[in-house]
1. Please identify every one of the trypsin sites (Lys or Arg not before Pro) in region 28-96 that sits in a loop by DSSP and has no more than 11 other beta carbons within 10 Å of its own beta carbon.
2. By how many nm would the segment from residue 75 to residue 28 grow when fully extended, if each residue of separation counts as 0.36 nm and the alpha-carbon distance is taken off?
3. If I stretch the segment between residue 40 and residue 63 completely, what's the gain in nm (0.36 nm per residue apart, minus their alpha carbon distance), one decimal?
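Every read-out reported here was derived from the displayed coordinates using simple, explicitly stated rules and does not represent laboratory data. Note that the structure is a prediction, hence the values are computed from the model and not measured. Counting neighbours? That spans all protein chains shown, and the Cβs are built from the backbone with ideal geometry, glycine included.
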Amino acid sequence: MGGAVLGSLIGSSLGKNADDLNQMRLSRALDTTPLHHTRSWVDPNTGYQYTVRPMRRYHHHGHVCRRYKTSVMIDGRLQTATGQACRDARGHWQVH
């Protein structure tokens, strides 16, 4: 994710510019983490520590969606944001 982390977090949270590994971990967190619980991981390539906390589940235009809070620790600085993702027709999470 590298330098894209900050733009991604500030703009619409973890997801839009995530590399494949972090996108997979975000999807897994949205699939398996109960509301108001957290899922954390460390990116082995950057050492950045990510935390995702699903906050709400809802339906939008027939799609299952989740609103979530995310944070990432980059070089000792914590960046936080709120995001939302909805499943597409293939069942993949799409960050909005």
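1. For trypsin sites (Lys or Arg not before Pro) across region 28-96 that sit outside H, G, I, E and B with at most 11 neighbouring Cβ atoms in 10 Å, the list reads 90.
2. Gain on stretching residue 75 to residue 28: 14.4 nm.
3. Value of the extension gain: 5.7 nm.
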